[in-house]
1. Quick test of your reading of the structure: residue 475 fulfils all but one of (1) in a strand (DSSP E or B); (2) touching a Phe, Trp or Tyr at 6+ places or on another chain (Cβ under 8 Å); (3) surrounded by fewer than 15 Cβ atoms within 10 Å (Cβ to Cβ); (4) of a type outside the set (Asp, Glu). Name the failing condition by number.
2. Can you find, within the stretch 177-200, the residue that is farthest from the chain's Cα centre (by Cα) among those that are in a helix (DSSP H, G or I) and within 15 Å of residue 119 (Cβ to Cβ)?
3. I'm checking my understanding of the structure. Among residues of the stretch 479-498 that are touching an Asp or Glu at 6+ places or on another chain (Cβ under 9 Å) and part of a loop (DSSP other than H, G, I, E, B), which one is surrounded by the fewest Cβ atoms within 10 Å (Cβ to Cβ)?
4. Name the one entry in 183, 130, 159 that is without any contact (Cβ under 8 Å) to a residue 12 or more places away in the chain, more than 28 Å from residue 312 (Cα to Cα), surrounded by fewer than 16 Cβ atoms within 10 Å (Cβ to Cβ) and assigned by TED's automatic domain parsing to the domain that holds residue 78.
5. Kindly indicate whether residue 226 is crowded, with 22+ Cβ neighbours inside 10 Å and under 21 Å from residue 262 (Cβ atoms).
6. Specify which of the listed residues (201, 191) is closer than 19 Å to residue 265 by Cβ, in contact (Cβ under 8 Å) with a residue 40 or more places away in the chain and surrounded by fewer than 16 Cβ atoms within 10 Å (Cβ to Cβ).
7. Where the second residue is crowded, with 21+ Cβ neighbours inside 10 Å and the first is among the aromatic types (Phe, Trp, Tyr) and lies in the stretch 26-48, which pairs have Cβ atoms under 6 Å and are six or more apart or on separate chains?
8. Just for the stretch 233-254: of the residues that are small (Gly, Ala, Ser) and outside any loop (DSSP other than H, G, I, E, B), which one is surrounded by the most Cβ atoms within 10 Å (Cβ to Cβ)?
Amino acid sequence: MFKQKFLQIAFSAAIIAIGATAQVNSAAMVNPASRVVVGYWHNWCDGGGYQGGNAPCVTLDEIDPMYNVVNVAFMKVFNTSAGRIPTFQLDLSIGLSEQQFIDQISKLNGEGRSVLIALGGADAHIELRAGDEQPFADEIIRLTDRYGFDGLDIDLEQAAITAADNQTVIPAALRIVKDHYRAQGKNFLITMAPEFPYLTTGGRYVPYIEHLEGYYDWINPQFYNQGGDGIWVEGVGWIAQNNDALKEEFIYYISDALVNGTRGFHKIPHDKLVFGIPSNNDAAATGFVQDPQKLYNAFGRLNSQGQGLRGVMTWSINWDMGTDASGNLYNEQFIKDYGPFIHSHSPAPPPPVEGKPIFKGVQNARTLQGRLFDTLAGVSARDSEDGDLTGTIRVDGYVDTHTIGTYALTYHATDSDNNTTSVVRSVEVYSLKPELFGVASTIILLNTPFDAMSDITASDAEDGDLTAAVQVSGFVNSAIAGVYTLTYSVTDSAGQTVTAERKVTVSDGSSCASPWKSNVTYVQGDAVSHSGIQWVAGGPGVRSLEPPENGGCGVR
């Protein structure tokens, strides 16, 4: 992970002392019920990128709501002279007071979004020893109760992974923390972000996974910055992480290997595997997915075998909101590409919980481009004690009906006992594709004039007549006998293109097509000859053709 590799972070006076007074956040922990889009949030300002760009500091309430898990980076040892137990210090340069930070975490929780503290980072000096289990657990609990964190993400890198007794002390401390909150009826999320080469059988991260079996919630490996590292696939060969041409194959095969524990990798259940990729080329040295469709395709292959992944992770939210070396905005393209995709493939909402609000009418929906879409139409919420709560429903997210795509909306309802139910819904904005007419195969006699656009029309439900927009490629030389192929295409205002091929046979009249047989079923476009005349089937399911009454190689 890029983390602070090129960062100049000045904490000094910009650090808030942990002992400062602030309101303790004691709200219930938020756990995502469906798929996740995990993003890391920088606890510093102005990170330098691999391509010379900049990652600005942002506040938590500026984060796109489709990030339903936010990992705060980082909890670590800031001053070794103060001891070896990691802690968290808020950087004042971000522009938030400690209380505002707490309030914004609470706001995200109220929207059904989880906020975790990430442990480590690329430059973290963490070196715990036997006997540190309880002190470390106590510090995690203190920070969790103070700020309202919903869990911890293990993000150890380089020497910190195996330093001292980290591989046993950290899991043991987290088991203490998880059990502590389980006794309160809460689930403290435990996740990890290992670099994927450390997930091979016997790899450096495997002890963390094994010691936390039954305790961790998901693993979001870093599939970036590892260059030529990759996976060997029989029949395909070596697929490197930085091979953009084989990006779909890499995503599919590395995920398949992990969820099944094959090809030399440790097993991680498919519903606990989150695929980590960088937000853009500035966020990591390698690993950026140039074409999101390749990830969509790979995820589709995993879904088809009943092993769909839990979601995606990115380093980082700040980079998604950053700029390139020329100052051009990255424009949050990562969350636009992957947020709707992940959330639209979420599993069905969990069954209603007694005593909590219940939603109706929040099924996934489709709406035509350009039409008005009312996010609350047909949606209601009720509670056994409070009755109708429809008027209190809050909706996060947006639907741009002018732009084709899939959008995620999160609905929240809270009852008088402060029980909140949150449900994610996808809305697909679509447009009907244009249609081409008259593109049927035909036969012409040698030296007969031919107009490729004669009788060709196109129309679209939204745009109307598109005949003038029809493009045709290919050619027909009526002076030379043969079979020619023309390709017709038309594109509507939504950018949807429809194509169709047409065969044009230039015949000298001597042999137009295969002889007609009365016992053969012909389909539309099939050509036969009978008594010197060419016949073309005009519709599907034509079993026989009537004999002609005149000679020559005409067309019927």
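1. (1)
2. It comes out as 177.
3. 493
4. None of the other options fit; the residue is 183.
5. Taking the combined requirement at face value, the residue does not satisfy it.
6. Selected residue: 201, the only one of 201, 191 that is closer than 19 Å to residue 265 by Cβ, in contact (Cβ under 8 Å) with a residue 40 or more places away in the chain and surrounded by fewer than 16 Cβ atoms within 10 Å (Cβ to Cβ).
7. Listed pairs, sorted by first residue: 40/71; 40/73; 40/315; 40/316; 41/70; 41/72; 41/317.
8. That would be 240.
The values are calculated or read from the model by the stated rules, or taken from the named source; none is laboratory data. Not measured: the values here are computed from a predicted model. A quick note on method: Cβ atoms are made from the backbone with ideal geometry, for glycine too, and the neighbour counts reach across all protein chains shown.
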